[in-house]
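The values are calculated or read from the model by the stated rules, or taken from the named source; none is laboratory data. What you see is a predicted model, and the numbers here were worked out from it, not measured in a lab. No Cβ is skipped: glycine too gets one built from the backbone with ideal geometry, and neighbour counts run over all protein chains shown. In case anyone asks, the SASA skips ligands and DNA or RNA and just uses the protein heavy atoms, side chains included. Shrake-Rupley method; radii C 1.70, N 1.55, O 1.52, S 1.80 Å.
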Amino acid sequence: MRKAWRVLGGATTVLALWTVGAGVAAAQEQAAPSTLLLHVDQPGPRIAPEIYGQFAEQLGRGIYEGIWVGPDSSIPNTRGIRKDVVAALREVKVPAVRWPGGCFADGYHWRDGIGPYGKRPRGINAAWGNEPDRNAFGTHEYMDFLDQIGAQAFVSVNVGSGSVREADEWMRYMTAPPESTPGAERKANGHAAPWSVPYVGIGNESWGCGGNMTAETYVAQFRQYVSNVRSFSGPKARLIAVGADTDDYDWTEKLMAGAMMWRPDPTPLAYVDRNPLMWGLSLHFYTFTGNDWYAKGRNVDFTQGDWAKALARANLTDEIVARHSAIMDRYDPDKKVALVVDEWGAWFDSEKGAPSALYLESTTRDAVIAGLSLNIFNRHADRIRMANLAQMVNVIQSLVLTRGKDMVVTPTWHVFDLYKVHQGATLIPVDVATPDYVEGQTRLPTVSASASRDAGGVVHLSIVNLDPVRAAPIRAVLAGMQGRGASARTVTAERIDTRIQFDQPDPFVPRDLTGVAVSGDTLSLTVPARSVTMVTLR
Ligand code: AHR
């Protein structure tokens, strides 16, 4: 980066010159400076790697074509799973993948997806447009896929149209020893060793597509599933109860009151198991242009006003998480129960002619929403111990997009790649003093940040600049650390709606930021407009 002073319209304005796109220099006006205080001397909790988890539903081309092409495909694959997608997902260290849904999960019967492919039923995906469901990708294929990308299992069992018995039998099939009848069946289908199933979701959106239940009805269902759904080998299954949609605090209150303890009101002499019944309680929160589920806004060719409205919605994540956490704190002050944001992401209206259901183009705005959301999750690492981007491939805010044999990584993928250094690191609390970015009626903090220290003592600071046109000068004070060196990489693009395109060079490849300086306990740098930056501090 080179800085220049320019005179614009008679007034002196600080401008920064950036190298963007294919080496084109563009000048950026600067916002007022932001100040960060990193409490390196007051480390917080561990950032669970699972905060960087993913969600893949049998929807559109999320699984079929996106992951599964079949062993006979001309697209390079390993046992039917495409190699390019596996390589891209390994690169960002995906820790866990939630499957098979989503709304699909509460209509899924696991037996349809085992055994010889020729004998599997040709089903109908009732959750998503009655599309044919070939059942080619079932339990074995999912587990193989997880092995290939190095991720853990998170299965959602069917509560809406299934039964406790069906869920119990699926768990036995996956985790029982090969000497047992369910284990022998698994062995006969090609996998003798039990699989590890560390995370089990008990239904999905049971207040909506998963059964239209009241909180009271779901609590009763959940308690029954808890008694019967377990792993028969490997780690104890961590059960995740269906949590709230967005700001439904009443649901959280009722779940914590009714579904957390073995017996909420034991008599003084009665037995009570003090371990919570649930390992986690979920939360679903999506970013639209504004707050209307039925008008999510354009995915491409959007305005600066749309940009601001979408970022304002994404920024609400902080308040929503804080309020759900505060309710959980009253019932669970030791924070034993995790908040699991197992569906989040930028969900806009698909363009006419989109190649499959909920397929979205990927733009600069997605990168900024990803960085902003992940900063918020990191900062709430005391309560959030898993989050799952919706959805990993070809659906909503994807990490990768495919078109036949072609694959591209999205701007969101680049952010996950930059942020992977936070996985398993220790949170460093950051105070942020930043001017407002104002757009019409929308007012937002210009800069968002989170930081962590890894096992080797290296501090990583992620900074998002929400301002679409102005660079953000940053001065950071490192309490309890004397910096010896700093470098930074940034993801940005020429326009707010620059999109990733097949057959075009990737405009989002991160580039090194120049002008990053550390002296003693002070770091200074200027991050470009509409950018996500990772600073490495030694
Ligand atoms: O991610 C798409 C859908 O959004 C999921 O199937 C459902 O759980 C949510 O409403």
Going by alpha carbons, how many degrees (0 to 90, nearest 10) lie between the helix axis of 364-379 and the longest principal axis of the chain? 70 degrees
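Report the convex hull volume per residue for segment 435-496, counting only C-alpha atoms, in Å³. Intermediate results must be reported in sequence, preceding the final value.
Values: hull volume 7.3 nm³, N = 62.
Given the Cα convex hull of segment 435-496, per-residue volume reads 117 Å³.
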Using DSSP, restrict attention to beta bridges with both residues in the chain and report what percent are antiparallel, rounded to the nearest 5. 60 percent
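Over 17 Å, how big is the tail of the calculated P(r) for segment 221-269, in percent of all Cα pairs? Numbers along the way, then the final one.
Values: 577 of 1176 pairs.
Every Cα pair in segment 221-269 considered, those over 17 Å come to 49 percent.
What number, rounded to the nearest 500 deg cm²/dmol, is the helix-based mean residue ellipticity at 222 nm of the chain, given -39500 (n - 2.57) per DSSP H run of at least four residues and division by all its residues? Could the numbers behind the result be given before it?
Values: 9 runs with 117 residues, N = 538.
When only DSSP H runs of four or more count, the value is -7000 deg cm²/dmol.
Between residue 406 and residue 161, what FRET efficiency follows from the Cβ-Cβ distance if R0 is 51 Å, with the result rounded to 0.05? Let's see the in-between values first.
On the way: r = 37 Å, r/R0 = 0.72.
With a Förster radius of 51 Å, E is 0.90.
About the Cα centre, and with charges only on the beta carbon of Lys, Arg (+1) and Asp, Glu (-1), how big is the dipole of segment 277-403? Nearest 20 debye, please. If you can, show how the numbers build up before the last one.
On the way: 14 positive and 15 negative charges, 23 e Å.
Computed charge dipole of segment 277-403: roughly 120 debye.
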Cross-link partners of residue 187 among lysines (Cα-Cα below 20 Å; sequence separation of 8 or more within a chain): 119
When all protein chains stay in place, what accessible area (Å², nearest 10, 1.4 Å probe) is found for residue 179? 150 Å²
Relative to the longest principal Cα axis of the chain, at what angle does helix 139-149 sit, 0 to 90 degrees, rounded to 10? 30 degrees
Among all the lysines, which ones have a C-alpha under 18 Å from residue 254's C-alpha, if same-chain residues fewer than 8 places away are not counted? 335, 336
How far, in degrees from 0 to 90, does helix 164-175 lean away from the longest principal axis of the Cα atoms of the chain, to the nearest 10? 70 degrees
Reachable lysines, given that their alpha-carbon falls under 20 Å from the alpha-carbon of residue 296 and they are not under 8 places away in the same chain: 309, 352
Evaluate the charge dipole of the chain about its Cα centre and quote only its size in Debye, nearest 20, assuming +1 on the Cβ of each Lys and Arg and -1 on the Cβ of each Asp and Glu. 1060 debye
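Keeping the other protein chains in place, figure out the carbon and sulfur percent of the accessible area of segment 418-538, with a 1.4 Å probe. Show your work: numbers first, answer last.
Numbers: 2090 of 4640 Å².
C and S fraction of accessible area: 45 percent.
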Using a 1.4 Å probe on the protein chains only, how many percent of the accessible area of segment 36-165 belongs to carbon and sulfur? 52 percent
Give me the accessible area of residue 128, 1.4 Å probe, in Å² rounded to the nearest 10. 60 Å²
What accessible area, in Å² to the nearest ten, does a 1.4 Å probe give for residue 74? 120 Å²
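Under a 1.4 Å probe, what is the accessible area of segment 350-480 per residue, stated in Å²?
Here the per-residue accessible area is 27 Å².
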Accessible area per residue in Å² at 1.4 Å probe, computed on segment 250-319: 48 Å²
